[in-house]
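Note sheet for the following structure.
The values are calculated or read from the model by the stated rules, or taken from the named source; none is laboratory data. On a predicted model such as this, the values are computed, not experimentally measured, just so you know. Every residue, glycine among them, receives a Cβ derived from its backbone with ideal geometry; neighbour counts consider all protein chains shown. Note: accessible area is taken over every heavy atom of the protein model, side chains too, but ligands, DNA and RNA are not part of it. Shrake-Rupley method; radii C 1.70, N 1.55, O 1.52, S 1.80 Å.
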Amino acid sequence: MLNFGRARTQPRSTRSMPFGGMDYADPKKKNSFVGKMILVAVLTVSCIFLLKGSTSFISPSPFSHHEDGVMHVLVTGGAGYIGSHASLRLLKDSYRVTIVDNLSRGNLGAVKVLQALFPEPGRLQFIYADLGDAKSVNKIFSENAFDAVMHFAAVAYVGESTLDPLKYYHNITSNTLVVLEAMAAHGVKTLIYSSTCATYGEPEKMPITEGTLQAPINPYGKAKKMAEDIILDFSKKSDMAIMILRYFNVIGSDPEGRLGEAPRPELREHGRISGACFDAARSIIPGLKVRGTDYDTPDGTCIRDYIDVTDLVDAHVKALEKAQPKKVGIYNVGTGRGKSVKEFVEACKKATGVEIKVDYLPRRPGDYAKVYSDPSKIKQELNWTAQHTDLKASLETAWRWQKLHRDGYGIQSAVSY
Ligand SMILES: O=c1ccn([C@@H]2O[C@H](COP(=O)(O)OP(=O)(O)O[C@H]3OC[C@@H](O)[C@H](O)[C@H]3O)[C@@H](O)[C@H]2O)c(=O)[nH]1
């Protein structure tokens, strides 16, 4: 198990104490045979609950204590595409993980995969909760001893954000406020925040560095920029260690085929290019709609920087390891290379072996012609570089999962918990 040797900063009063404050670490209080029997019974019942994959637990629980030195990460949105891959990586690296998700976009099936892989007590717990519910979030923080938060949970479709802007502004800014307030109130000192290249809008100069002016052009990018601003202003008055990662376009799946991307069928219309290509390859939709062929790019379609999810979660772990108190690190997470939508579709045809039917449509509102990253800052400061830069190979990992999971994680996963 990892021992990060960090000062544990959470005051003892905020830790979850079993049975009205009884502290099992104090031998004087464990003075009767009956008491010991009760303790054994409680531990047995706790183990049964955890082994059954129950989402509840009975204290005493390693989730509510810091003592064993295992770093405990709260992963908001851990049932989603990127959050579940990050949780898998954290668990593999021996972190303790608590996933909080309202399952509005994420899938319980992804959590079940993780629970099956890491069934040992004290490794992973899932809490069904909405970050908009500040009371529940505070209860979660008071019952758990988190060392760090990776805040993934958010709506994240550019097209949808132009049709339902208030949802985006509310979800992205307000939930970030709730998380920050809970972290501040409960002494949790490290935040890794999921931001996006959409905060840059469409800069004239490529590639995009972290110093490029942020001028977002759609509600998704604007809301993420607002959330960044909230975090930055807060950081000036806090000793928190903060890392803001601006993702470019995330693709691919767990190379071992355990997790994948399973967007809601009802949101298909707003879905990302990779999901649309796979849906067309599986004939779930009649063809891929390429939205916009008259951009000022070599082949007229938009250019994006596609980053493999395995590399992306590696960037999160490196950010977590290198986060410093009272400092904010802001990093682009991309390959540094741009590919057009047409190039993407060709790679997808090769990865799937399917001659995907393509329909050409007008531009999608909120889109920008060309974005790709300059990833030199993250290389220099976090020693991170994208390793999976072959588009076809990344799409093959995703396709393997897609082929075996036509209904994603299954109908049960998608409905409310
Ligand atoms: O069905 C589709 C989907 C997408 N596209 C095009 O493919 C390109 C990429 O679009 P996507 O929706 O996959 O991705 P976007 O670039 O809009 O945003 C994405 O990257 C940044 C992340 O932070 C966002 O969460 C993510 O949605 C755009 O030009 C878009 O118009 C299509 O032509 N057809």
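Overview of values
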{"quantity": "Test: residue in the stretch 380-391 that is of a type in the set (A, V, I, L, M), more than 16 Å from the ligand (Cβ to nearest atom), modelled with pLDDT of 95 or more and open to solvent by less than 10 Å² (accessible area, probe 1.4 Å)", "calculated": "yes"}
{"quantity": "Unmet criterion (only one of (1) open to solvent by 10 Å² or more (accessible area, probe 1.4 Å); (2) under 19 Å from GLU160 (Cβ atoms)) for CYS302", "calculated": "(1)"}
{"quantity": "Residue that is most open to solvent (accessible area, probe 1.4 Å) [pool: residues in the stretch 256-294 that are within 8 Å of the ligand (Cβ to nearest atom), more than 22 Å from the chain's Cα centre (by Cα) and not hydrophobic (A, V, I, L, M, F, W, C)]", "calculated": "LYS289"}
{"quantity": "Selection from the stretch 306-330 of residues that are of a type outside the set (A, V, I, L, M), over 21 Å from SER253 (Cβ atoms) and open to solvent by less than 30 Å² (accessible area, probe 1.4 Å)", "calculated": "GLY329"}
{"quantity": "Close pairs from the stretch 60-79: first aromatic (Phe, Trp, Tyr), partner in a strand (DSSP E or B), Cβ under 8 Å, at least 6 apart", "calculated": "PHE63/HIS72; PHE63/ARG96; PHE63/THR98; PHE63/GLN125"}
{"quantity": "When residues of the stretch 215-250 are limited to those that are of a type in the set (D, E, K, R) and within 13 Å of the ligand (Cβ to nearest atom), the one surrounded by the most Cβ atoms within 10 Å (Cβ to Cβ)", "calculated": "LYS224"}
{"quantity": "Members of the stretch 225-277 found to be under 22 Å from TYR168 (Cα atoms), modelled with pLDDT under 95 and outside any helix (DSSP H, G or I), listed by number", "calculated": "ALA262, PRO263, ARG264, GLY271"}
{"quantity": "Among residues of the stretch 195-206, those that are in contact (Cβ under 8 Å) with a residue 24 or more places away in the chain and open to solvent by 50 Å² or more (accessible area, probe 1.4 Å), counted", "calculated": "1"}
{"quantity": "Test result for ALA79, within 16 Å of the ligand (Cβ to nearest atom) and buried (at least 24 other Cβ atoms within 10 Å of the Cβ)", "calculated": "no"}
{"quantity": "Test: residue in the stretch 286-295 that is among the polar types (S, T, N, Q) and touching a Lys or Arg at 6+ places or on another chain (Cβ under 8 Å)", "calculated": "no"}
{"quantity": "Elements of type helices (runs of 4 or more DSSP H) in the stretch 129-200, at least 3 residues being under 28 Å from LEU213 (Cβ atoms)", "calculated": "158-163, 165-169, 175-186"}
{"quantity": "Residue selected from the stretch 351-367 under the condition basic (Lys, Arg) and under 30 Å from the mean Cα position of the chain (by Cα), by the criterion farthest from the ligand (Cβ to nearest atom)", "calculated": "ARG363"}
{"quantity": "The stretch 158-194 - residue that is within 14 Å of the ligand (Cβ to nearest atom) and in contact with a Phe, Trp or Tyr (Cβ under 7 Å, 6 or more places away or on another chain) and, of those, most open to solvent (accessible area, probe 1.4 Å)", "calculated": "VAL158"}
{"quantity": "Filter result for ALA347 (crowded, with 16+ Cβ neighbours inside 10 Å, under 24 Å from the mean Cα position of the chain (by Cα) and either at pLDDT 95 or above or assigned to a helix (DSSP H, G or I) (or both))", "calculated": "no"}
